[in-house]
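The values are calculated or read from the model by the stated rules, or taken from the named source; none is laboratory data. Everything numeric here is computed off the predicted structure, so don't read it as measured data. Don't worry about glycine lacking a Cβ; one is built from the backbone with ideal geometry, like all the others, and counts go over all protein chains shown.
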Amino acid sequence: MAEKKRKRAQTEAALKDRGNLFDIAIQQVNVAADAVNLDKDVRAILSQPKNEVIVNFPVRMDNKKWKIFKGYRVQHNNLLGPYKGGMRYHHEANLDEMKALAAWMTYKSALHDIPFGGGKGGVKFDPRQHSVSELEKITRRFTHSLGSNIGPEWDIPAPDVGTNSQTMVWMMDTYMNMVGQTVKNSVKHVVTGKSVTSGGSYGRQEATGTGLVHCISHWAEEKGFNLDGCTFIVQGFGNVGSFTARLLSKMGAVLVGTGDAGGYIGNPEGVNPYKLGEHVAATGTVAGYRGAKEISREDFFGLEADIFIPAALELEIGEAEAEALTCKLVAEGANGPTYPAAEKIMEKKGIDVIPDILANSGGVIVSYFEWLQNKRSERWDAERVAERLAKLMKETYNNTNTFMQRNGVNRRTACYGIGLKRLQTSYEERGIFP
């Protein structure tokens, strides 16, 4: 146990100074802005979020003592529709991280031509250190502190790292009780990612993983690559990583390695993602799973595999990790997992990359479907949701390929380029008020 803690501490120390996430996001956008000759005024507008909200609020803990928490909500752009983005509970949450994630949401929505803008928020704390009762109180006080900074036609939160459907139901219920009895049932779409019972959509929980697998399938068809019998590794085995692994395994792909903050494991004969999921649900980590051998983080990135799916936190793939990879494809389930310098290395090695704003966008797409259902007082069946998600993912993937070929750019730049052109066109048509 002491050795495991020591290794984990070393890994955390090595990753602590990841650099400024917002600066890296701006670098990625600027490459695409240059490629599409983005208007300098539009570039200036998009270079910073419209609003940055920070709240500090007290919560009474189970031991009857009060604790102060810091919460964030960054609203990057709402030209195309209401701000939209997740709420993250994590002990490393900070303003620049929220700014980057909010900006990525703007371009993700614009890429798919969804009528949303970009936002992101959360609370700086470790949810694993708190009881369910404390998590509920933290969520409700945070929602109350945000007040009118969120709203069903203004800014719509969703789950992210450290939050889930229960978190969203608490947020929704708190907001509903803030607006008054006569209109409370008309504001269920203030958040998405809720449980189905409380107004959520079928298919939302697995949506990000499903969209990711759609992208991988389109890539495989394009390359003439057979997913049946191929191997893959997944970093992060939370919602996105676990659902992706299960879906790929149904297609015949073999999971040979995975890892999270607790440690890394590998098995060249294959890891059962369903049994591993049960282990993670019981222990909170992949570490200790008996169906695989413990390996180091460095060994994980060097595993022989056809596909790598980063589905953990941001900036996990640096130059050393890129050099170690042996795969044919990196499909980004996480937001911003790759340093620009690392991506250049992967390009030289011939590794294809499906970037985050395309690969992990299934979540915001089905969140849009949930928002529509709540607005219309409708309930779509699972088949309708799945069909519409598959259709939109395919359209966007094909549009991205067309943009790549016409402009001679990589897939990430193509994704940003499509989104930027849509935003620029809207600014040209609407102008700036007053």
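Each residue in the range 222-244 was checked for being modelled with pLDDT under 95 and assigned to a helix (DSSP H, G or I), and 1 pass.
Could you say whether any residue in the range 50-68 is crowded, with 17+ Cβ neighbours inside 10 Å and closer than 26 Å to A312 by Cβ? No; the residues of the range 50-68 include none that is crowded, with 17+ Cβ neighbours inside 10 Å and closer than 26 Å to A312 by Cβ. S361 meets each of the listed conditions (1) under 22 Å from M105 (Cβ atoms); (2) over 18 Å from the mean Cα position of the chain (by Cα) apart from (2).
Residues of the range 381-434 that are within 17 Å of K108 (Cα to Cα) and either touching a Cys at 6+ places or on another chain (Cβ under 9 Å) or hydroxyl-bearing (S, T, Y) (or both): M393, T396, Y397, T400, F403, T413, Y416, T425, S426. The residue of the range 157-208 that is modelled with the lowest pLDDT, among those that are of a type in the set (D, E, K, R) and more than 20 Å from the chain's Cα centre (by Cα), is K184.
Answer with yes or no whether W219 is at pLDDT 95 or above, in a helix (DSSP H, G or I) and closer than 22 Å to T326 by Cβ. So W219 fits the description; yes. Quick one: is M178 surrounded by fewer than 20 Cβ atoms within 10 Å (Cβ to Cβ) and touching a His at 6+ places or on another chain (Cβ under 8 Å)? Yes, satisfied. In this structure, M404 does satisfy being of a type in the set (A, V, I, L, M, F, W, C), outside the structural domain of T106 (by TED's automatic domain parsing), in a helix (DSSP H, G or I) and free of Cβ contacts under 8 Å to residues at least 12 places away in the same chain. The one condition from (1) part of a loop (DSSP other than H, G, I, E, B); (2) of a type in the set (A, V, I, L, M); (3) touching a Lys or Arg at 6+ places or on another chain (Cβ under 6 Å) that V169 does not meet is (1).
Scan the range 193-230 for residues that are surrounded by fewer than 23 Cβ atoms within 10 Å (Cβ to Cβ), more than 27 Å from E378 (Cβ to Cβ) and not charged (D, E, K, R) and the total you get is 10.
Checked against the criteria, G81 counts as out of contact with any Cys (no Cβ under 8 Å at 6 or more places or on another chain), surrounded by 15 or more Cβ atoms within 10 Å (Cβ to Cβ), without any contact (Cβ under 8 Å) to a residue 60 or more places away in the chain and on the phi > 0 side of the Ramachandran plot.
Residue-wise test of (1) under 27 Å from L392 (Cα atoms); (2) assigned to a loop (DSSP other than H, G, I, E, B); (3) in the same structural domain as S242 (by TED's automatic domain parsing).
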| site | (1), (2), (3) |
| --- | --- |
| V280 | no, no, yes |
| G291 | no, yes, yes |
| A320 | no, no, yes |
| E343 | yes, no, yes |
| S367 | yes, no, no |
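Test V74 against the criterion of being without any contact (Cβ under 8 Å) to a residue 12 or more places away in the chain and either assigned by TED's automatic domain parsing to the domain that holds E314 or not charged (D, E, K, R) (or both), and give yes or no. It is false that V74 is without any contact (Cβ under 8 Å) to a residue 12 or more places away in the chain and either assigned by TED's automatic domain parsing to the domain that holds E314 or not charged (D, E, K, R) (or both). Give all pairs with beta carbons closer than 8 Å in which a residue from the range 110-122 that is part of a strand (DSSP E or B) meets a residue that is acidic (D, E); count only pairs at least 6 apart in sequence or on separate chains. Listed by first residue and then by second, the contacts come to G119/D155; K120/D160; G122/D160.
Here K7 qualifies as touching a Ser or Thr at 6+ places or on another chain (Cβ under 8 Å), at pLDDT below 95 and more than 22 Å from Q75 (Cβ to Cβ).
E316 falls short on exactly one of the conditions (1) under 18 Å from V240 (Cβ atoms); (2) surrounded by fewer than 20 Cβ atoms within 10 Å (Cβ to Cβ); (3) not hydrophobic (A, V, I, L, M, F, W, C), and that condition is (2). Of the candidates E387, E370, the single residue that is without any contact (Cβ under 8 Å) to a residue 12 or more places away in the chain and among the acidic types (D, E) is E387.
In this structure, is V183 aliphatic (A, V, I, L, M) and buried (at least 17 other Cβ atoms within 10 Å of the Cβ)? No: the conditions fail for V183.
Scanning the range 245-278 for residues that are assigned to a helix (DSSP H, G or I) and either on the phi > 0 side of the Ramachandran plot or polar (S, T, N, Q) (or both) yields a single hit, S249.
Among all positions in the range 224-239, there is no residue which is over 19 Å from the mean Cα position of the chain (by Cα), closer than 25 Å to Q166 by Cβ and not acidic (D, E). Being in contact (Cβ under 8 Å) with a residue 24 or more places away in the chain, out of contact with any Cys (no Cβ under 9 Å at 6 or more places or on another chain), assigned by TED's automatic domain parsing to the domain that holds E332 and loosely packed, with under 15 Cβ neighbours inside 10 Å is a description that does not apply to P310.
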